[in-house]
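Worksheet: the structure to be examined is printed underneath.
The values are calculated or read from the model by the stated rules, or taken from the named source; none is laboratory data. Note that the structure is predicted; figures quoted are calculated from it, not measured. Every residue, glycine as well, gets a Cβ built from its backbone with ideal geometry; the counts of neighbours run over all protein chains shown. Side chains included, ligands, DNA and RNA excluded: accessible areas come from the protein's heavy atoms. Shrake-Rupley method; radii C 1.70, N 1.55, O 1.52, S 1.80 Å.
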Amino acid sequence: MAEGERQSPPDSLEDTPPATQNFIIPKKEIHTVPDMGKWKRSQAIEKLVSLLNTLDRWIDETPPVDQPSRFGNKAYRTWYAKLDQEAEDLVATVVPAHLAAAVPEVSVYLKESVGNSTRIDYGTGHEAAFAAFLCCLCKIGVLRVDDQIAIVFKVFNRYLEVMRKLQKTYRMEPAGSQGVWGLDDFQFLPFIWGSSQLIDHPFLEPRHFVDEKAVNENHKDYMFLECILFITEMKTGPFAEHSNQLWNISAVPSWSKVNQGLIRMYKAECLEKFPVIQHFKFGSLLPIHPVSSC
């Protein structure tokens, strides 16, 4: 395609490849994109936001119950049971009819992305499942590679908002948290994408994310700072004590170095850790087949 030309709108999917094709995962370049100004609104992305709005509404309709235990409110199981029952119908609103055969497989990743209903916990493995959900939608052609900015800063950001509401409402436990020595109790990917968003920022530097004033004034525009704000709302005491790993990262001189370090850390602490990956489910869209050598 010539430079400057646009692909056909995502809601025009007549030439989308059939679900039986051997799909190739789009090349990930999201973590290198420093700006978020290139909004690309598509029908598919609007439908995904609507799906997440539904999950948000269900939280309002399922208030916490009175129970002796402070953490792990059992009303979460009622909320999750509704998602478990409705997941395929929700995903079907995003996937066009000629790709309906993909719905049962894709919906598994949506259900896996919101936490564990037995333990009433949430962690980076669940977050990875939502990334896998979005990846599957890319592979079947519902989302386009050129939607990547909006996929992260609109859809994934809305997902984060809903997950934070779940965590607060039902007092969910962190899944596999390393406590003060972990990056964060619940999330990791928004720190990667959020730091890429701040690369070459004219005045915000890594040292500013431990500055309460800087965070309060800028968190609505920057994913990384929104993560920091949520941590300070959920934890008490000095930042250096409850989030030591992030405190150390604030001393890194540039956002590009922060970003590179976080990518390496995510690979080591999440993608290569058995307690996280043992729960990940593989299918035809995200198979576990080894990469063939040239």
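Listed values for segment 218-233 are Karplus-derived 3J(HN,Hα) couplings in whole Hz (6.51 cos²θ - 1.76 cosθ + 1.60, θ = phi - 60°), namely 10, 5, 5, 9, 9, 4, 4, 5, 5, 4, 5, 4, 4, 4, 5, 6, and x replaces Gly and Pro. Take PHE186: with every protein chain present and a 1.4 Å probe, its accessible area is about 20 Å². The length gained on full extension between GLU161 and ALA81, counted as 0.36 nm times the residue separation minus their Cα-Cα distance, comes to 26.8 nm.
Note on MET172: accessible area is roughly 10 Å² with a 1.4 Å probe, heavy atoms of protein only. Shape call for segment 77-162 from the C-alpha gyration tensor, a ≥ b ≥ c root eigenvalues: rounded (a/c under 1.5), prolate (a/b greater than b/c) or oblate? Since a/c reaches 1.5 but b/c is at least a/b, the shape of segment 77-162 is classed as oblate. The modelled label-to-label distance between ALA100 and ASN53, using points 7 Å beyond Cα along the C-beta direction, is 2.5 nm.
Between ILE140 and any residue 5 or more places off or on another chain, the built amide H atoms are never under 5 Å apart. Rolling a 1.4 Å probe over the protein heavy atoms leaves ILE151 with an accessible area of roughly 10 Å².
With kT/(6 pi eta Rh) evaluated at 4 °C and eta = 1.567 mPa s, and Rh the Kirkwood radius from Cα pairs, segment 92-214 diffuses with a coefficient of 80 µm²/s according to Stokes-Einstein. With the simple spin-label model, which puts each label point 7 Å out from Cα in the Cβ direction, the ASP221 to ARG70 separation comes to 3.7 nm.
Taken one residue at a time, the phi angles of segment 250-257 give Karplus couplings (6.51, -1.76, 1.60, θ = phi - 60°) of 5, 8, 5, x, 9, 5, 5, 5 Hz. Gly and Pro are set to x.
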